[in-house]
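Participant: Please read through the structure below; I'll follow up with questions.
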Amino acid sequence: MKKTVAFLAGISLSAIAAPAIAQDGDSTFTGPRVEGIVGYDIASAGSSVDDDANQDNDQSIDGLMYGVAVGYDVDMGGIVVGAEAELTDSTAKTEFENGDFEGFGFGNVRAGRDLYVGARAGVKASPDMLLYAKGGYTNAKFDVLSNDGTTEFNQDIDSDGFRIGAGAEYAMSTNSFIKLEYRYSNYSEAEVDFDGDLPDTERFDVDLDRHQVVASYGFRF
């Protein structure tokens, strides 16, 4: 995972450090950008922990995802490359339905903040339309919902994984754009973070899939 992130970061930094090779200095898709994001978020148990014996057990949580992102792109002619970072949150959480607890391998939790850093590369389908693929590192927290009847315990499941995705960006002008994107994340390692005197746990293996369909509106400077 560390080698993959380093490789993606290297590509992005190379692109940023060499703007002179861009064939179109006034490109709609060159420069820093900032955007707001909103979309549908669903997290589910991976194949290693799927409850295949109980077909009616919904091992997923879903909700509204929202957040902000920043990035920097360089137009190299027909290809655009760039680096990006993102901070999001989600309303997804586990539920009880008809007295049955619908968990997904993590217990009684709600989705917390999600950090992402990565790179993207795309081709210009037209002067104002970019089709791209992306990939990078993601770190997501899931807040554990627990109490002993009088005290609410504050602890998080802190998980690491990778994200890949694809999308389309349409330039409404040289300074504003909209995007539609699908991304898949997989988390394979985690630890429990305790807020208090207890030390965090050692890292352990998990298997969590996450699918998101999001829309963005942003500005380029």
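The values are calculated or read from the model by the stated rules, or taken from the named source; none is laboratory data. Just so it is clear, the model here is predicted, and its values are computed rather than measured. Using ideal geometry, Cβ is built from the backbone for each residue, glycine included, and neighbour counts are taken over all protein chains shown. These area figures cover heavy atoms from the full protein model, side chains too; ligands, DNA and RNA do not enter into them. Shrake-Rupley method; radii C 1.70, N 1.55, O 1.52, S 1.80 Å.
Participant: Check the stretch 128-147 and report whether any residue there is modelled with pLDDT of 95 or more, closer than 17 Å to Ala215 by Cα, open to solvent by less than 60 Å² (accessible area, probe 1.4 Å) and of a type in the set (Ser, Thr, Tyr).
Facilitator: yes
Participant: Another question about this same structure. Which members of the stretch 65-99 meet the condition of being in a loop (DSSP other than H, G, I, E, B) and either of a type in the set (A, V, I, L, M) or open to solvent by 80 Å² or more (accessible area, probe 1.4 Å) (or both)?
Facilitator: Selection gives Met76, Ala92, Asn98.
Participant: Continuing with this model, one more query. When you go through Val49, Val117 one by one, which is the residue that is modelled with pLDDT of 80 or more and in contact with a strand residue (DSSP E or B) (Cβ under 6 Å, 6 or more places away or on another chain)?
Facilitator: Among Val49, Val117, only Val117 is modelled with pLDDT of 80 or more and in contact with a strand residue (DSSP E or B) (Cβ under 6 Å, 6 or more places away or on another chain).
Participant: Anything in the stretch 203-217 that is buried (at least 20 other Cβ atoms within 10 Å of the Cβ) and either in contact with a Ser or Thr (Cβ under 9 Å, 6 or more places away or on another chain) or outside any strand (DSSP E or B) (or both)? List them, or say none.
Facilitator: Val206, Leu208, Arg210, Gln212, Val214
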